[in-house]
Amino acid sequence: MAEVKPEDMVHHTPMDQLQGFEYCIDSNPSWGEAIALGFQHYILSLGTAVMIPTMLVQLMGGNDHDKARVVQTLLFVTGIKTLLQTLFGTRLPTIIGGSYAFVVPILSIIRDPSLAQIADGHTRFVQTMRAIQGSLIVSSSIQIILGYSQLWAICSRFFSPLGMVPVVALVGLGLFQRGFPVVGSCVEIGLPMLILFVALSQYLKHVTVRHVPVLERFSLLICVALVWVYAHILTASGAYRHTALLTQFSCRTDRANLISSALWISIPFPLQWGAPTFSANHAFGMMAAVVVSLIETTGAFMAAARLASATPPPAYVLSRGIGWQGIGTLLDGLFGTGTGSTVSVENVGLLGSTRVGSRRVIQISAGFMIFFSMLGKFGALFASIPFPIFAAIYCVMFGIVAAVGLSFLQFTNMNSMRNLFIVGVSLFLGLSIPEYFSRYTASAQYGPAHTKAGWFNDYINSVFSSPPTVALIVAVLLDNTLDVKEAARDRGMPWWARFRTFRGDSRNEEFYTLPFNLNRFFPPS
(Lines give C-alpha, C1' and ligand atoms only; values in the text may rest on other atoms or scores of the structure.)
Protein backbone atom coordinates (compact mmCIF):
# COMPACT_ATOMS: atom_id res chain seq x y z
CA MET A 1 0.00 0.00 0.00
CA ALA A 2 1.42 3.39 -0.99
CA GLU A 3 2.46 5.66 1.85
CA VAL A 4 0.19 8.66 2.35
CA LYS A 5 2.05 11.93 1.87
CA PRO A 6 1.52 14.72 4.46
CA GLU A 7 0.34 17.13 1.75
CA ASP A 8 -2.37 14.64 0.72
CA MET A 9 -3.86 14.52 4.20
CA VAL A 10 -6.97 16.69 4.56
CA HIS A 11 -7.29 18.85 7.66
CA HIS A 12 -10.67 20.43 8.38
CA THR A 13 -10.31 23.42 10.68
CA PRO A 14 -13.18 23.93 13.15
CA MET A 15 -15.37 26.82 12.01
CA ASP A 16 -17.43 29.16 14.18
CA GLN A 17 -19.98 29.64 11.38
CA LEU A 18 -21.20 27.16 8.78
CA GLN A 19 -19.93 27.98 5.31
CA GLY A 20 -21.70 27.84 1.95
CA PHE A 21 -24.85 29.72 2.95
CA GLU A 22 -26.29 31.93 0.25
CA TYR A 23 -27.97 34.23 2.79
CA CYS A 24 -27.14 34.35 6.48
CA ILE A 25 -29.17 35.75 9.36
CA ASP A 26 -28.89 39.45 8.43
CA SER A 27 -28.67 39.22 4.63
CA ASN A 28 -31.77 38.96 2.50
CA PRO A 29 -32.74 37.47 -0.87
CA SER A 30 -34.81 39.49 -3.31
CA TRP A 31 -38.39 40.20 -2.25
CA GLY A 32 -39.78 37.66 -4.72
CA GLU A 33 -37.52 34.88 -3.42
CA ALA A 34 -38.11 35.92 0.19
CA ILE A 35 -41.91 35.72 -0.21
CA ALA A 36 -41.70 32.29 -1.86
CA LEU A 37 -39.33 31.03 0.83
CA GLY A 38 -41.56 32.48 3.55
CA PHE A 39 -44.58 30.68 2.09
CA GLN A 40 -42.52 27.47 2.07
CA HIS A 41 -41.81 27.85 5.80
CA TYR A 42 -45.53 28.50 6.35
CA ILE A 43 -46.48 25.27 4.56
CA LEU A 44 -43.97 23.28 6.63
CA SER A 45 -45.27 24.72 9.91
CA LEU A 46 -48.79 23.47 9.12
CA GLY A 47 -47.91 19.88 10.06
CA THR A 48 -47.55 20.54 13.79
CA ALA A 49 -50.27 23.23 13.77
CA VAL A 50 -52.81 20.68 12.53
CA MET A 51 -51.48 17.54 14.22
CA ILE A 52 -51.65 18.79 17.82
CA PRO A 53 -55.30 19.99 17.66
CA THR A 54 -56.25 16.81 15.75
CA MET A 55 -54.77 14.78 18.60
CA LEU A 56 -56.35 16.75 21.46
CA VAL A 57 -59.59 18.50 20.45
CA GLN A 58 -61.64 15.34 19.99
CA LEU A 59 -60.48 14.06 23.40
CA MET A 60 -61.63 17.38 24.88
CA GLY A 61 -65.12 16.82 23.46
CA GLY A 62 -64.80 19.21 20.52
CA ASN A 63 -66.13 18.71 17.00
CA ASP A 64 -64.62 19.51 13.58
CA HIS A 65 -65.63 23.17 13.84
CA ASP A 66 -63.86 23.45 17.21
CA LYS A 67 -60.78 21.79 15.72
CA ALA A 68 -60.74 24.23 12.81
CA ARG A 69 -60.93 27.18 15.23
CA VAL A 70 -58.09 25.82 17.37
CA VAL A 71 -55.91 25.30 14.27
CA GLN A 72 -56.63 28.88 13.16
CA THR A 73 -55.87 30.23 16.64
CA LEU A 74 -52.63 28.25 16.91
CA LEU A 75 -51.42 29.54 13.52
CA PHE A 76 -52.44 33.13 14.34
CA VAL A 77 -50.59 33.12 17.67
CA THR A 78 -47.60 31.33 16.10
CA GLY A 79 -47.28 34.25 13.68
CA ILE A 80 -47.36 36.78 16.53
CA LYS A 81 -44.87 34.83 18.66
CA THR A 82 -42.50 34.43 15.71
CA LEU A 83 -42.52 38.15 14.97
CA LEU A 84 -41.84 38.97 18.64
CA GLN A 85 -38.98 36.46 18.86
CA THR A 86 -37.30 37.55 15.61
CA LEU A 87 -37.62 41.25 16.47
CA PHE A 88 -36.98 41.39 20.21
CA GLY A 89 -35.94 37.92 21.38
CA THR A 90 -32.87 36.04 20.17
CA ARG A 91 -33.46 37.56 16.68
CA LEU A 92 -32.65 34.13 15.22
CA PRO A 93 -34.71 32.98 12.21
CA THR A 94 -36.91 30.62 14.22
CA ILE A 95 -40.64 29.93 14.09
CA ILE A 96 -42.19 29.63 17.57
CA GLY A 97 -44.96 27.07 17.17
CA GLY A 98 -46.90 24.54 19.20
CA SER A 99 -45.13 22.03 21.42
CA TYR A 100 -45.69 18.31 21.96
CA ALA A 101 -44.05 18.66 25.38
CA PHE A 102 -47.36 19.94 26.75
CA VAL A 103 -49.37 16.87 25.69
CA VAL A 104 -48.78 14.93 28.95
CA PRO A 105 -50.15 17.61 31.36
CA ILE A 106 -52.93 18.52 28.89
CA LEU A 107 -54.07 14.88 28.78
CA SER A 108 -54.06 14.94 32.57
CA ILE A 109 -56.39 17.96 32.51
CA ILE A 110 -58.65 16.29 29.93
CA ARG A 111 -58.96 13.21 32.19
CA ASP A 112 -59.74 15.28 35.29
CA PRO A 113 -62.97 13.78 36.74
CA SER A 114 -64.55 17.21 37.20
CA LEU A 115 -64.25 17.80 33.43
CA ALA A 116 -64.60 14.26 32.08
CA GLN A 117 -68.05 13.85 33.65
CA ILE A 118 -69.56 16.78 31.66
CA ALA A 119 -72.08 15.13 29.34
CA ASP A 120 -72.37 17.74 26.58
CA GLY A 121 -69.33 17.52 24.27
CA HIS A 122 -69.05 21.20 23.35
CA THR A 123 -69.48 22.32 26.97
CA ARG A 124 -66.77 19.86 28.05
CA PHE A 125 -64.49 21.18 25.29
CA VAL A 126 -64.94 24.81 26.36
CA GLN A 127 -64.47 24.05 30.07
CA THR A 128 -61.37 21.93 29.35
CA MET A 129 -59.92 24.65 27.12
CA ARG A 130 -60.43 27.23 29.88
CA ALA A 131 -58.62 24.96 32.36
CA ILE A 132 -55.70 24.53 29.91
CA GLN A 133 -55.59 28.30 29.38
CA GLY A 134 -55.40 28.99 33.10
CA SER A 135 -52.56 26.52 33.65
CA LEU A 136 -50.63 27.93 30.66
CA ILE A 137 -51.01 31.50 31.95
CA VAL A 138 -49.69 30.57 35.39
CA SER A 139 -46.88 28.28 34.21
CA SER A 140 -45.60 30.83 31.64
CA SER A 141 -44.21 32.78 34.60
CA ILE A 142 -41.41 30.20 34.88
CA GLN A 143 -39.88 31.14 31.53
CA ILE A 144 -40.62 34.85 31.96
CA ILE A 145 -38.81 34.94 35.32
CA LEU A 146 -35.89 32.71 34.25
CA GLY A 147 -35.47 34.69 31.03
CA TYR A 148 -35.81 38.34 32.02
CA SER A 149 -34.01 37.91 35.35
CA GLN A 150 -31.06 36.40 33.42
CA LEU A 151 -31.19 33.30 35.66
CA TRP A 152 -31.12 31.11 32.55
CA ALA A 153 -27.98 32.95 31.44
CA ILE A 154 -26.38 32.01 34.77
CA CYS A 155 -27.48 28.39 34.32
CA SER A 156 -25.92 28.35 30.85
CA ARG A 157 -22.48 28.81 32.44
CA PHE A 158 -22.57 25.09 33.11
CA PHE A 159 -23.03 24.32 29.41
CA SER A 160 -20.07 23.44 27.20
CA PRO A 161 -19.81 22.45 23.53
CA LEU A 162 -19.50 18.85 24.70
CA GLY A 163 -22.64 19.14 26.83
CA MET A 164 -24.60 20.71 23.99
CA VAL A 165 -23.83 17.87 21.55
CA PRO A 166 -26.40 15.37 22.90
CA VAL A 167 -28.95 18.10 23.70
CA VAL A 168 -29.01 19.60 20.19
CA ALA A 169 -28.67 16.20 18.52
CA LEU A 170 -31.67 14.82 20.40
CA VAL A 171 -33.76 17.89 19.57
CA GLY A 172 -33.77 16.27 16.12
CA LEU A 173 -33.30 12.55 16.85
CA GLY A 174 -35.83 12.59 19.68
CA LEU A 175 -38.61 13.25 17.17
CA PHE A 176 -37.96 10.07 15.18
CA GLN A 177 -41.45 8.72 15.94
CA ARG A 178 -42.96 11.56 13.88
CA GLY A 179 -40.82 10.61 10.89
CA PHE A 180 -40.93 7.27 9.11
CA PRO A 181 -43.55 5.64 11.39
CA VAL A 182 -46.00 8.28 10.08
CA VAL A 183 -44.68 7.87 6.53
CA GLY A 184 -45.42 4.16 6.87
CA SER A 185 -49.06 4.86 7.74
CA CYS A 186 -49.53 5.73 4.04
CA VAL A 187 -46.39 4.51 2.36
CA GLU A 188 -47.70 5.06 -1.21
CA ILE A 189 -47.78 8.82 -0.48
CA GLY A 190 -45.03 9.26 2.10
CA LEU A 191 -42.27 7.25 0.42
CA PRO A 192 -42.55 9.00 -3.00
CA MET A 193 -42.50 12.32 -1.16
CA LEU A 194 -39.31 11.37 0.71
CA ILE A 195 -37.51 10.11 -2.41
CA LEU A 196 -38.61 13.06 -4.54
CA PHE A 197 -37.61 15.62 -1.91
CA VAL A 198 -34.12 14.14 -1.47
CA ALA A 199 -33.66 13.88 -5.25
CA LEU A 200 -34.67 17.49 -5.97
CA SER A 201 -33.04 19.16 -2.96
CA GLN A 202 -29.74 17.26 -3.09
CA TYR A 203 -29.04 15.43 -6.36
CA LEU A 204 -30.54 18.12 -8.60
CA LYS A 205 -29.67 21.12 -6.45
CA HIS A 206 -27.33 22.58 -9.07
CA VAL A 207 -30.16 23.11 -11.56
CA THR A 208 -30.57 26.88 -11.85
CA VAL A 209 -33.00 29.30 -13.47
CA ARG A 210 -31.54 32.79 -13.94
CA HIS A 211 -28.69 31.87 -11.56
CA VAL A 212 -31.18 30.84 -8.82
CA PRO A 213 -30.91 27.18 -7.62
CA VAL A 214 -34.65 26.66 -7.92
CA LEU A 215 -34.77 22.95 -7.08
CA GLU A 216 -32.58 23.28 -4.00
CA ARG A 217 -34.33 26.37 -2.70
CA PHE A 218 -37.97 25.53 -3.48
CA SER A 219 -37.91 21.73 -3.55
CA LEU A 220 -40.32 21.54 -0.61
CA LEU A 221 -42.99 23.59 -2.37
CA ILE A 222 -42.55 21.67 -5.63
CA CYS A 223 -42.64 18.24 -3.97
CA VAL A 224 -45.62 19.04 -1.72
CA ALA A 225 -47.61 20.32 -4.71
CA LEU A 226 -46.83 17.27 -6.86
CA VAL A 227 -47.47 14.64 -4.18
CA TRP A 228 -50.57 16.45 -2.88
CA VAL A 229 -52.07 16.34 -6.39
CA TYR A 230 -51.08 12.66 -6.65
CA ALA A 231 -52.76 11.96 -3.28
CA HIS A 232 -55.90 13.76 -4.40
CA ILE A 233 -56.03 11.69 -7.60
CA LEU A 234 -55.83 8.51 -5.50
CA THR A 235 -58.61 9.81 -3.25
CA ALA A 236 -60.88 10.88 -6.12
CA SER A 237 -60.37 7.61 -7.99
CA GLY A 238 -61.69 5.63 -5.02
CA ALA A 239 -58.40 3.93 -4.15
CA TYR A 240 -59.20 4.11 -0.42
CA ARG A 241 -62.93 3.49 -0.60
CA HIS A 242 -62.80 0.06 1.07
CA THR A 243 -59.67 0.43 3.21
CA ALA A 244 -59.42 0.64 7.01
CA LEU A 245 -60.43 3.88 8.71
CA LEU A 246 -56.86 4.51 9.89
CA THR A 247 -55.58 4.20 6.32
CA GLN A 248 -58.28 6.56 5.06
CA PHE A 249 -57.43 9.10 7.76
CA SER A 250 -53.71 9.01 6.81
CA CYS A 251 -54.06 8.88 3.03
CA ARG A 252 -57.20 10.68 1.92
CA THR A 253 -57.11 14.41 1.19
CA ASP A 254 -60.71 14.91 2.33
CA ARG A 255 -60.64 13.38 5.81
CA ALA A 256 -59.40 16.38 7.80
CA ASN A 257 -62.84 18.09 7.55
CA LEU A 258 -61.11 21.45 8.02
CA ILE A 259 -62.29 23.19 4.86
CA SER A 260 -65.99 22.48 5.44
CA SER A 261 -65.71 23.35 9.16
CA ALA A 262 -63.75 26.59 8.86
CA LEU A 263 -65.40 30.00 8.54
CA TRP A 264 -64.56 32.26 5.60
CA ILE A 265 -63.30 35.04 7.87
CA SER A 266 -62.49 34.54 11.53
CA ILE A 267 -60.11 36.62 13.64
CA PRO A 268 -58.92 34.90 16.83
CA PHE A 269 -58.98 37.10 19.93
CA PRO A 270 -57.99 36.77 23.61
CA LEU A 271 -60.40 34.92 25.89
CA GLN A 272 -62.48 33.75 22.91
CA TRP A 273 -63.40 30.60 24.83
CA GLY A 274 -64.36 32.54 27.94
CA ALA A 275 -62.55 33.38 31.18
CA PRO A 276 -59.72 30.93 32.04
CA THR A 277 -60.11 28.77 35.14
CA PHE A 278 -57.22 28.21 37.52
CA SER A 279 -56.21 25.09 39.44
CA ALA A 280 -52.98 24.71 41.40
CA ASN A 281 -52.81 21.01 40.54
CA HIS A 282 -53.11 21.69 36.79
CA ALA A 283 -50.68 24.63 36.90
CA PHE A 284 -47.94 22.69 38.72
CA GLY A 285 -48.23 19.86 36.21
CA MET A 286 -48.00 22.30 33.30
CA MET A 287 -44.84 23.85 34.75
CA ALA A 288 -42.98 20.60 33.97
CA ALA A 289 -43.86 21.00 30.28
CA VAL A 290 -42.67 24.62 30.40
CA VAL A 291 -39.29 23.49 31.76
CA VAL A 292 -39.06 20.80 29.05
CA SER A 293 -39.91 23.28 26.28
CA LEU A 294 -37.30 25.67 27.70
CA ILE A 295 -34.57 23.04 27.35
CA GLU A 296 -35.74 21.91 23.91
CA THR A 297 -35.87 25.53 22.76
CA THR A 298 -32.34 26.16 24.03
CA GLY A 299 -31.06 23.30 21.89
CA ALA A 300 -33.08 24.50 18.90
CA PHE A 301 -31.70 28.05 19.28
CA MET A 302 -28.16 26.62 19.16
CA ALA A 303 -28.98 24.68 16.00
CA ALA A 304 -30.70 27.68 14.38
CA ALA A 305 -27.66 29.88 15.05
CA ARG A 306 -25.40 27.49 13.12
CA LEU A 307 -27.93 27.01 10.32
CA ALA A 308 -28.25 30.79 9.99
CA SER A 309 -24.45 31.01 9.70
CA ALA A 310 -24.30 32.99 12.96
CA THR A 311 -22.19 32.65 16.07
CA PRO A 312 -23.61 30.80 19.12
CA PRO A 313 -26.08 33.11 20.94
CA PRO A 314 -24.50 34.75 23.99
CA ALA A 315 -25.95 33.84 27.39
CA TYR A 316 -27.68 37.23 27.65
CA VAL A 317 -29.39 36.79 24.26
CA LEU A 318 -30.34 33.19 25.03
CA SER A 319 -31.98 34.26 28.27
CA ARG A 320 -33.76 37.14 26.51
CA GLY A 321 -35.17 34.68 24.00
CA ILE A 322 -36.45 32.40 26.77
CA GLY A 323 -38.19 35.40 28.35
CA TRP A 324 -39.97 36.13 25.07
CA GLN A 325 -40.91 32.48 24.74
CA GLY A 326 -42.55 32.82 28.15
CA ILE A 327 -44.55 35.74 26.73
CA GLY A 328 -45.46 33.40 23.86
CA THR A 329 -46.78 30.75 26.26
CA LEU A 330 -48.75 33.51 28.01
CA LEU A 331 -50.32 34.42 24.65
CA ASP A 332 -51.13 30.73 24.12
CA GLY A 333 -53.02 30.83 27.39
CA LEU A 334 -54.84 34.08 26.62
CA PHE A 335 -55.92 33.08 23.09
CA GLY A 336 -56.51 29.39 23.79
CA THR A 337 -54.25 27.51 21.37
CA GLY A 338 -54.54 24.28 23.35
CA THR A 339 -50.78 23.92 23.80
CA GLY A 340 -47.64 25.85 24.75
CA SER A 341 -44.67 27.21 22.78
CA THR A 342 -41.40 25.88 21.45
CA VAL A 343 -39.12 26.40 18.44
CA SER A 344 -40.33 24.57 15.32
CA VAL A 345 -37.51 22.07 14.73
CA GLU A 346 -38.57 21.24 11.17
CA ASN A 347 -38.33 24.89 10.15
CA VAL A 348 -34.84 25.08 11.65
CA GLY A 349 -33.87 22.13 9.45
CA LEU A 350 -35.29 23.89 6.39
CA LEU A 351 -32.77 26.71 6.92
CA GLY A 352 -30.01 24.19 6.21
CA SER A 353 -31.80 22.46 3.35
CA THR A 354 -32.31 25.74 1.44
CA ARG A 355 -29.03 27.33 2.60
CA VAL A 356 -31.03 30.47 3.41
CA GLY A 357 -30.87 31.58 7.05
CA SER A 358 -32.42 35.01 6.51
CA ARG A 359 -34.44 36.50 9.38
CA ARG A 360 -36.65 38.39 6.93
CA VAL A 361 -37.85 35.12 5.34
CA ILE A 362 -39.13 33.87 8.71
CA GLN A 363 -40.86 37.20 9.40
CA ILE A 364 -42.62 36.96 6.03
CA SER A 365 -43.65 33.42 6.97
CA ALA A 366 -45.17 34.80 10.18
CA GLY A 367 -47.16 37.24 8.05
CA PHE A 368 -48.57 34.32 6.02
CA MET A 369 -49.61 32.58 9.26
CA ILE A 370 -51.51 35.60 10.53
CA PHE A 371 -53.11 36.30 7.12
CA PHE A 372 -54.28 32.78 6.31
CA SER A 373 -55.47 32.10 9.87
CA MET A 374 -57.94 34.97 9.48
CA LEU A 375 -59.09 33.74 6.05
CA GLY A 376 -60.30 30.42 7.43
CA LYS A 377 -61.23 28.58 4.23
CA PHE A 378 -57.96 29.36 2.45
CA GLY A 379 -55.86 28.42 5.47
CA ALA A 380 -57.84 25.19 5.91
CA LEU A 381 -57.16 24.28 2.27
CA PHE A 382 -53.38 24.18 2.88
CA ALA A 383 -53.88 22.56 6.28
CA SER A 384 -55.65 19.60 4.65
CA ILE A 385 -52.36 18.21 3.27
CA PRO A 386 -52.07 14.55 4.47
CA PHE A 387 -49.74 14.02 7.44
CA PRO A 388 -47.45 11.46 5.67
CA ILE A 389 -46.33 14.24 3.31
CA PHE A 390 -45.11 16.28 6.28
CA ALA A 391 -43.60 13.21 7.92
CA ALA A 392 -41.48 12.54 4.82
CA ILE A 393 -40.08 16.07 5.08
CA TYR A 394 -39.46 15.59 8.81
CA CYS A 395 -37.22 12.59 8.01
CA VAL A 396 -34.82 15.05 6.37
CA MET A 397 -35.29 18.15 8.52
CA PHE A 398 -34.98 16.44 11.90
CA GLY A 399 -31.88 14.65 10.62
CA ILE A 400 -30.25 17.94 9.63
CA VAL A 401 -30.84 19.39 13.11
CA ALA A 402 -29.43 16.23 14.74
CA ALA A 403 -26.31 16.50 12.56
CA VAL A 404 -25.87 20.14 13.60
CA GLY A 405 -25.72 18.95 17.21
CA LEU A 406 -23.00 16.47 16.30
CA SER A 407 -21.07 19.27 14.54
CA PHE A 408 -20.25 20.75 17.97
CA LEU A 409 -17.89 17.78 18.44
CA GLN A 410 -15.34 19.59 16.24
CA PHE A 411 -14.65 21.99 19.11
CA THR A 412 -13.94 19.16 21.57
CA ASN A 413 -11.31 16.45 21.89
CA MET A 414 -12.98 13.22 20.80
CA ASN A 415 -9.77 11.28 21.44
CA SER A 416 -10.59 11.71 25.14
CA MET A 417 -12.15 8.65 26.79
CA ARG A 418 -13.90 11.01 29.22
CA ASN A 419 -15.63 12.83 26.37
CA LEU A 420 -16.56 9.61 24.59
CA PHE A 421 -18.14 8.34 27.81
CA ILE A 422 -20.19 11.50 28.38
CA VAL A 423 -21.45 11.79 24.81
CA GLY A 424 -22.22 8.08 24.49
CA VAL A 425 -24.05 7.70 27.80
CA SER A 426 -26.07 10.92 27.46
CA LEU A 427 -27.12 10.07 23.88
CA PHE A 428 -28.13 6.54 24.81
CA LEU A 429 -30.03 7.45 27.97
CA GLY A 430 -31.58 10.43 26.20
CA LEU A 431 -33.21 8.02 23.77
CA SER A 432 -33.68 4.99 26.02
CA ILE A 433 -35.36 6.57 29.08
CA PRO A 434 -38.07 8.43 27.07
CA GLU A 435 -38.68 5.24 25.06
CA TYR A 436 -39.30 3.38 28.33
CA PHE A 437 -41.76 6.07 29.46
CA SER A 438 -43.48 5.97 26.06
CA ARG A 439 -43.91 2.18 26.00
CA TYR A 440 -45.05 2.07 29.62
CA THR A 441 -47.68 4.74 28.97
CA ALA A 442 -48.89 3.00 25.79
CA SER A 443 -49.42 -0.31 27.61
CA ALA A 444 -50.72 0.92 30.98
CA GLN A 445 -52.53 4.09 29.79
CA TYR A 446 -50.65 6.06 32.45
CA GLY A 447 -47.01 6.95 33.00
CA PRO A 448 -44.47 5.20 35.25
CA ALA A 449 -45.08 7.95 37.84
CA HIS A 450 -48.57 7.08 39.04
CA THR A 451 -49.17 8.43 42.54
CA LYS A 452 -52.11 10.21 44.13
CA ALA A 453 -50.38 13.55 43.46
CA GLY A 454 -51.36 14.32 39.84
CA TRP A 455 -49.03 17.31 39.54
CA PHE A 456 -46.06 15.15 40.60
CA ASN A 457 -46.97 12.49 38.03
CA ASP A 458 -47.15 15.12 35.29
CA TYR A 459 -43.79 16.52 36.36
CA ILE A 460 -41.93 13.21 36.24
CA ASN A 461 -43.69 11.86 33.15
CA SER A 462 -43.20 15.11 31.19
CA VAL A 463 -39.54 15.61 32.06
CA PHE A 464 -38.41 12.05 31.41
CA SER A 465 -40.43 11.71 28.20
CA SER A 466 -38.29 14.41 26.55
CA PRO A 467 -35.02 13.15 24.97
CA PRO A 468 -33.27 16.59 24.98
CA THR A 469 -34.21 17.14 28.64
CA VAL A 470 -32.87 13.76 29.75
CA ALA A 471 -29.74 14.34 27.65
CA LEU A 472 -29.17 17.76 29.23
CA ILE A 473 -29.55 16.39 32.76
CA VAL A 474 -27.11 13.52 32.14
CA ALA A 475 -24.60 15.42 29.98
CA VAL A 476 -24.39 18.58 32.11
CA LEU A 477 -24.18 16.57 35.35
CA LEU A 478 -21.37 14.36 34.06
CA ASP A 479 -19.57 17.18 32.23
CA ASN A 480 -19.43 19.34 35.38
CA THR A 481 -18.46 16.62 37.86
CA LEU A 482 -16.08 14.32 35.97
CA ASP A 483 -12.43 15.50 35.86
CA VAL A 484 -13.52 19.11 35.30
CA LYS A 485 -10.25 20.96 36.01
CA GLU A 486 -8.14 18.78 33.77
CA ALA A 487 -10.66 18.70 30.92
CA ALA A 488 -11.40 22.40 30.20
CA ARG A 489 -9.68 22.32 26.81
CA ASP A 490 -11.06 18.89 25.94
CA ARG A 491 -14.62 20.15 26.66
CA GLY A 492 -14.14 23.01 24.18
CA MET A 493 -14.35 25.77 26.78
CA PRO A 494 -11.57 28.00 25.33
CA TRP A 495 -13.54 28.22 22.05
CA TRP A 496 -16.86 28.65 23.86
CA ALA A 497 -15.70 31.42 26.24
CA ARG A 498 -15.68 34.31 23.77
CA PHE A 499 -19.30 33.67 22.81
CA ARG A 500 -20.56 33.60 26.39
CA THR A 501 -20.84 37.39 26.64
CA PHE A 502 -22.41 39.82 24.20
CA ARG A 503 -19.21 41.82 23.73
CA GLY A 504 -16.94 38.77 23.73
CA ASP A 505 -16.96 38.64 19.91
CA SER A 506 -17.52 41.55 17.52
CA ARG A 507 -19.91 39.47 15.38
CA ASN A 508 -22.42 39.15 18.23
CA GLU A 509 -23.42 42.78 17.85
CA GLU A 510 -24.04 42.26 14.12
CA PHE A 511 -26.32 39.26 14.67
CA TYR A 512 -28.11 39.93 17.96
CA THR A 513 -28.45 43.71 18.46
CA LEU A 514 -32.07 44.81 19.00
CA PRO A 515 -33.77 46.85 16.26
CA PHE A 516 -34.91 50.48 16.49
CA ASN A 517 -31.81 51.33 18.55
CA LEU A 518 -33.37 49.62 21.59
CA ASN A 519 -29.97 48.52 22.91
CA ARG A 520 -29.55 52.09 24.19
CA PHE A 521 -32.36 51.45 26.65
CA PHE A 522 -31.65 47.74 27.28
CA PRO A 523 -27.84 47.47 27.20
CA PRO A 524 -26.61 43.87 26.87
CA SER A 525 -24.48 42.37 29.59
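The values are calculated or read from the model by the stated rules, or taken from the named source; none is laboratory data. These numbers were taken from a predicted model, which means no experiment stands behind them. Cβ: placed from backbone, ideal geometry, glycine included. Neighbour counts: every protein chain shown. Note: areas computed on protein heavy atoms with side chains; ligands, DNA, RNA excluded. Shrake-Rupley method; radii C 1.70, N 1.55, O 1.52, S 1.80 Å.
Summary of computed values
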read-out	value
Residue among Leu44, Leu18, Leu37 that is in contact with a helix residue (DSSP H, G or I) (Cβ under 7 Å, 6 or more places away or on another chain), within 21 Å of Pro313 (Cα to Cα) and in contact (Cβ under 8 Å) with a residue 12 or more places away in the chain	Leu18
Any hit, region 201-222, residues being in contact with a Phe, Trp or Tyr (Cβ under 7 Å, 6 or more places away or on another chain) and under 30 Å from Met493 (Cα atoms)	no
Subset of region 206-220 (residues that are of a type in the set (D, E, K, R) and surrounded by fewer than 20 Cβ atoms within 10 Å (Cβ to Cβ))	Arg210
Some residue of region 228-241 being of a type in the set (A, V, I, L, M), closer than 26 Å to Ser373 by Cα and surrounded by 14 or more Cβ atoms within 10 Å (Cβ to Cβ)	yes
Where a residue in region 200-211 is free of Cβ contacts under 8 Å to residues at least 24 places away in the same chain and its partner, wherever it lies, is outside any helix (DSSP H, G or I) and open to solvent by less than 70 Å² (accessible area, probe 1.4 Å), with Cβ under 8 Å and at least six apart	Lys205/Pro213; His206/Pro213; Val207/Pro213
Of all residues in region 373-394 being open to solvent by 30 Å² or more (accessible area, probe 1.4 Å) and of a type in the set (A, V, I, L, M, F, W, C), the one that is nearest to Pro181 (Cα to Cα)	Phe387
In region 168-182, residue nearest to Thr247 (Cα to Cα) [restricted to those that are among the small types (Gly, Ala, Ser) and open to solvent by less than 10 Å² (accessible area, probe 1.4 Å)]	Gly179
Condition met for Gly32 (part of a loop (DSSP other than H, G, I, E, B), open to solvent by 20 Å² or more (accessible area, probe 1.4 Å), more than 19 Å from Phe335 (Cβ to Cβ) and modelled with pLDDT under 95)	no
Tally of residues being of a type in the set (S, T, N, Q) and within 19 Å of Gln58 (Cα to Cα) across region 248-278	6
Positions within region 489-517 being open to solvent by 40 Å² or more (accessible area, probe 1.4 Å), of a type in the set (A, V, I, L, M, F, W, C) and either part of a helix (DSSP H, G or I) or closer than 22 Å to Pro14 by Cβ (or both), in sequence order	Ala497
Those residues of region 138-167 which are farther than 23 Å from Ser465 by Cα and either open to solvent by less than 50 Å² (accessible area, probe 1.4 Å) or touching a Pro at 6+ places or on another chain (Cβ under 7 Å) (or both), in sequence order	Ile144, Gly147, Gln150, Ala153, Ser160, Pro161
Single residue of region 86-128 satisfying the filter (charged (D, E, K, R) and open to solvent by 50 Å² or more (accessible area, probe 1.4 Å)) that is farthest from Ala304 (Cα to Cα)	Asp120
Odd one out for Pro105, checked against (1) part of a helix (DSSP H, G or I); (2) within 17 Å of the chain's Cα centre (by Cα); (3) not acidic (Asp, Glu)	(2)
Elements of type helices (runs of 4 or more DSSP H) contained in region 237-311, each with 1 or more residues being in contact with a His (Cβ under 6 Å, 6 or more places away or on another chain)	258-261
Residue match in region 403-418 (condition: crowded, with 21+ Cβ neighbours inside 10 Å and touching a Ser or Thr at 6+ places or on another chain (Cβ under 6 Å))	no
Flag for Leu84 being modelled with pLDDT of 95 or more and either of a type in the set (Lys, Arg) or touching a Leu at 6+ places or on another chain (Cβ under 9 Å) (or both)	yes
Qualifying residue in region 437-447 (condition: of a type in the set (Lys, Arg), part of a helix (DSSP H, G or I), surrounded by fewer than 18 Cβ atoms within 10 Å (Cβ to Cβ) and free of Cβ contacts under 8 Å to residues at least 24 places away in the same chain)	yes
Selection count where residues are open to solvent by less than 10 Å² (accessible area, probe 1.4 Å) and either within 30 Å of Leu307 (Cβ to Cβ) or of a type outside the set (Val, Ile, Thr) (or both), scope region 46-61	8
Leading residue by the ranking (farthest from Thr73 (Cα to Cα)) among those in region 354-372 that are among the polar types (S, T, N, Q) and buried (at least 23 other Cβ atoms within 10 Å of the Cβ)	Thr354
Residues being among the hydroxyl-bearing types (Ser, Thr, Tyr) and either open to solvent by 10 Å² or more (accessible area, probe 1.4 Å) or within 15 Å of the chain's Cα centre (by Cα) (or both) - total across region 62-85	2
Residue within region 197-205 that is surrounded by 13 or more Cβ atoms within 10 Å (Cβ to Cβ) and touching a Cys at 6+ places or on another chain (Cβ under 7 Å) present	yes
Sole exception among (1) under 29 Å from Pro181 (Cα atoms); (2) surrounded by 14 or more Cβ atoms within 10 Å (Cβ to Cβ); (3) out of contact with any Phe, Trp or Tyr (no Cβ under 9 Å at 6 or more places or on another chain) for Leu246, by number	(2)
Members of region 396-413 found to be part of a helix (DSSP H, G or I) and either among the aromatic types (Phe, Trp, Tyr) or over 18 Å from Glu296 (Cβ atoms) (or both), listed by number	Val396, Phe398, Ser407, Phe408, Leu409, Gln410, Phe411
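Yes/no per residue for (1) more than 16 Å from the chain's Cα centre (by Cα); (2) farther than 30 Å from Thr54 by Cα:
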position: Ser384; (1), (2): yes, no
position: Ile393; (1), (2): no, no
position: Gly405; (1), (2): no, yes
position: Ser416; (1), (2): yes, yes
position: Asn419; (1), (2): yes, yes
